[in-house]
Amino acid sequence: MALLECESLRKSFFGVEVLHGVSFTLDRGSVLGLVGENGSGKSTTMNILGGVLARDGGRMRLDGRDYDPRGPKDALAGGIVFIHQELNLFENLSVEENLFIGGFPRLARGIPFINRPAMRRRARELLEQVDIRHPPGTPVAQLSQGERQLVEIAKALSVDAKVIIFDEPTTSLTRREAERLFTIIGRLRGRGIAVIYISHALGDVMRLCDDIVVLRDGAVAGGGPRAAMTTERMIALMVGRTLDQLFPERSSAPSATPVLEVRRLSQPGVVHGIDLTLHAGEVLGIAGLMGAGRSELARILFGLDPFREGSIAVCGEPVERPTPQLCMERGMAFLTEDRRGEGLLMHAPIAENVALASLDDYASPWLRFLERTRLGSEVERMAQRVRLRAADPKGALVKNLSGGNQQKVVLAKWLLREPRVFILDEPTRGIDVGAKFEIYKIIDALVAGGAGVLMISSEMEELMGMCDRILVMNHGAIQAEYRRGAFDGERILESAMARRAEEPA
Amino acid sequence: MDRATDNARLRLLLLRNAPLALFLLVIAVFGTLSDRFLDPQNFTNILIQSSHVAILGIGMTFVLLTAGIDLSVGTVMYLAVALLGIHMAGLPPLLAVPAMAAVGVLFGLLNAFFIVRLRVAAFIVTLATLFVGRGLALWITNTRMVFYQDQVLSLARAEFLGVPWAIWIFAAVFAAAWVTLNHTPFGRQVYAVGANPEAAAKAGINVPLVLTAVYAISGACAGVAGFVSVTQVGAAASSFAVEKEFAAVAAAVLGGVSLFGGRGGVAGTVFGAVLIQTVQNGLVIVNADPYIYPLVTSSIIFLAVFVDSQRSRILERIGRRRIRIEERTV
């Protein structure tokens, strides 16, 4: 009998169904690989399993009994432990304290003192099972990422986990640390613990998992035992669908005039030898896995983070020491991946957000008072240009807008400055399909007007649908370049996931 | 590890030991300027004089460890002293200490109600209660001096086993706080909440309870500090314990407690309090112009906050997520 059965799980957010009946089973002592693109429903499924979200339909059975978690505590009580990408450890405490922070062994019942010798003994046993050789009193701050992950596993063992869910466990690990993790996962399986392994690293999934489930658009696109799977088939299942109707026809072709030139750009530990040229009228995509250095590159280009070597030139003019102010003056715009946190003043009205980056241009010559009428009419013009839809197109608070309209506000803010270079980091993240299409149309209009767009995205289809060229980043360097017409989703994914060979320092 | 990180680690080591170096420097300077400064009796005096700030700072440490702040502690000292001095003047000292601590606990629970339940920023809440509490105390005392009786005052001179009572109380509070922070589940959970409240909640820690407790503890310490302080001066004017919250925060930060939560301990705080008092004591002994006392003290406070921010910045730089280039950077 299966340990865990999930049957047609459904979930809707704000009336939009994002999970359309996901089913799978998990056997004792087996590893289930769960793969799919970002937004395919992996996290939602796992959050339902972990009790973070309530399901709208379907049923789950754990150990032959109905499993109906009301919160994370129920999941934990049922023996389901979630090891997140960002670990939940306290760096200021020791390893043993982290293991027992939820329930320390006491000197005696009713006495509020920690039984340190007992804690140490039990911590040693647990750490031994995950091959950590450090003394239990070592501060977590001194452990490597890989070791911290093993501490999380030890924590799971301390509560007698039946199911351990790993979410992208290898992204911040070195290869050697990953190998160590796989050994431990093998050992967990041997003890009858079931593992759900979520990862973009398909090679690892093929090696590690007994069964594989591929999700796409909130439904199971396919799956089966490892023997019946290949990496190529997984990618085909993940990407799926025809692209034609999802993207607007591109209305212009790129010119030969470069607007952004980056040469040998390096920052130790972040990016290495980046060479790229963005032309006027071009959409240049940057593909890559989470943690490949894409957003970090964008931040460096916009002067938010330093770089050690290399050069950046905007519209032919070198930018010696970029700061955001300087980059903006030279005609750059940067739409960050964190719209709510970095792109918008959520509690301010639309007009204030749109005007934010241009206030200096609308100040009167001497006393520097804000020319509100001139600014107001320009803001209105921009709102129309991005087809912003809100009951009150100027006064509505940004926090009350949909994700798509919020992103339009960010775009309008930058359009007001008439930039030549747009860096768009995940421009359609968390936006529904209809609004995505409108964002794509705005991007098309931008490049038709002679701007260059550098588009970072985790959605392969979006890159293939919109870009003239796609650069693939992998471990901080550019791994491959593909031109429109030669786009091949599988090959791009392969480049993004390739284990990078030893490279010169 | 590359060299940049090694450099950062070295600077971190220096910053970590900066207060100790400062302490030795202070002793050397004042010791050269005056023979009286190095007299053992003077060190006992320093300990007695620093005891109330140290006790305040110990309570403050609990709050700071959760990344909070309690600005109302000076007010609580005055309020407790005023209440006890006027309404329970005959209370024997043995009962006066717990009674004043209880006043502080009630006040701390009031702070915690606004901070934990109503989620108002601790800075704002305790800034407000600082004024509310002092207003209340002024109303109780009609702004007149509160005099304490001889049985309380005699404590200032009294000794037990050759050690003055003020130091005994100081030591008892310190020991209790140290054991609580280091050897009880509650203490370790205080550290956990300060480092990452979300992860703490996920680990099953009752975060609101921990936060409530730290403000109650800070209040209790302020009450006890009020008692210790009033035994030394004998009476409380309306300016009693004004701005003591700054001394308490300064002592804690100087002793290595981070304003951002999760780092530091009560031993450091006690060290910080003694350091500040040593400087003030030294200034008195060398007959420095009284007008420069606040300048020197505030410079030390500034130094403390500066050192803390540097330390946090370097820690962050060392800990920043790096994209691994396979084994090469490891």
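Just so you know, all these numbers are worked out from the coordinates, no wet-lab data involved. Bear in mind the structure is a predicted one, so any value in this text is a computation, not a measurement. Using ideal geometry, Cβ is built from the backbone for each residue, glycine included, and neighbour counts are taken over all protein chains shown.
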- Residue among B:Ile217, B:Ile292, B:Ile167 with the largest mean-square fluctuation in a Gaussian network model of chain B, springs linking Cα atoms under 10 Å: B:Ile292
- Note on the structure: Surpassing 28 Å at the alpha-carbon level, of the pairs A:Lys11/A:Lys436; A:Lys11/A:Lys441; A:Lys42/A:Lys413; A:Lys399/A:Lys436, are A:Lys11/A:Lys441; A:Lys42/A:Lys413
- Task: Note down the nm distance, to one decimal, between modelled labels 7 Å out along Cα→Cβ at B:Val132 and at A:Arg340.
- Result: 3.1
- Once the Cα atoms of helix A:116-129 and of chain A are each reduced to a long axis, what angle between those two axes, in degrees from 0 to 90 to the nearest 10, is obtained? 80
- Taking the Cβ of A:Glu329 as the center, what net charge do the other residues with Cβ under 15 Å away carry, scoring Lys and Arg +1 and Asp and Glu -1? -1
- Item | Added length on full extension, which subtracts the Cα-Cα distance from 0.36 nm per residue, B:Leu161 to B:Asn45 | 40.1 nm
- Note on the structure: With R₀ set to 45 angstrom, the calculated FRET efficiency between the beta-carbons of A:Val52 and A:Glu320, to the nearest 0.05, is 0.40
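Would you kindly state the longest site-free stretch of chain B, with sites defined as trypsin sites (Lys or Arg not before Pro) in a DSSP loop (not H, G, I, E, B) surrounded by at most 14 other Cβ atoms within 10 Å? List each step's numbers first, then the result.
Details: sites that count: B:Arg119, B:Arg144, B:Arg320, B:Arg321, B:Arg328.
After excluding every exposed loop site, the longest remaining stretch is B:145-319.
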- Using a ≥ b ≥ c from the Cα gyration tensor of chain B (square roots of the eigenvalues), is it rounded, prolate or oblate, where a/c under 1.5 gives rounded and otherwise the larger of a/b and b/c decides, a/b for prolate? oblate
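With the convex hull built on the Cα atoms of the range A:69-121, state its orientation-averaged projected area in nm².
Numbers: hull surface 20.8 nm².
Across all orientations, the range A:69-121 yields a mean hull projection of 5.2 nm².
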- Roughly what angle does helix A:175-190 make with the longest principal axis of chain A, taking Cα atoms, 0 to 90 degrees, to the nearest 10? 40
- Considering only DSSP beta bridges where both residues belong to the range A:4-236, give the percentage that are antiparallel (nearest 5). 60
- Prolate/oblate/rounded call for the range A:119-160, Cα gyration tensor, a/c under 1.5 rounded: oblate
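For the range A:238-312, which trypsin sites (Lys or Arg not before Pro) are in a loop by DSSP, counting at most 14 other Cβ atoms within 10 Å?
When the trypsin sites (Lys or Arg not before Pro) of the range A:238-312 are filtered for loop state and at most 14 Cβ neighbours within 10 Å, A:Arg241, A:Arg308 remain.
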- Note on the structure: Any chymotrypsin sites (Phe, Trp or Tyr not before Pro) in the range A:77-165 that lie in a DSSP loop and have at most 16 other Cβ atoms within 10 Å would be A:Phe113
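With both partners inside the protein assembly as shown, how many of the DSSP beta bridges are antiparallel, as a percent to the nearest 5?
Numbers: 48 of 83 bridges.
The antiparallel proportion sits near 60 percent.
Does the range A:283-403 come out rounded, prolate or oblate by the C-alpha gyration tensor, with a ≥ b ≥ c the root eigenvalues, rounded set by a/c under 1.5 and, if not, prolate when a/b is larger than b/c and oblate if not? Let's see the in-between values first.
On the way: a/c = 2.42, a/b = 1.40, b/c = 1.73.
Judged from the Cα gyration tensor, the range A:283-403 comes out oblate (a/c at least 1.5, b/c at or above a/b).
Sort largest first and round to whole Å: the equivalent ellipsoid semi-axes of the protein assembly as shown, each the square root of five times a Cα gyration tensor eigenvalue. Could the numbers behind the result be given before it?
Numbers: eigenvalues 609, 243, 138 Å².
Largest first, the protein assembly as shown gives 55, 35, 26 Å.
Using every Cα-Cα pair within the range A:288-331, state what percent have a distance larger than 17 Å.
Details: 306 of 946 pairs.
Looking at the range A:288-331, the distances longer than 17 Å represent 32 percent of pairs.
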- Between the DSSP loop rule and a limit of at most 12 other Cβ atoms within 10 Å, which trypsin sites (Lys or Arg not before Pro) in the range A:1-94 are left? A:Arg70
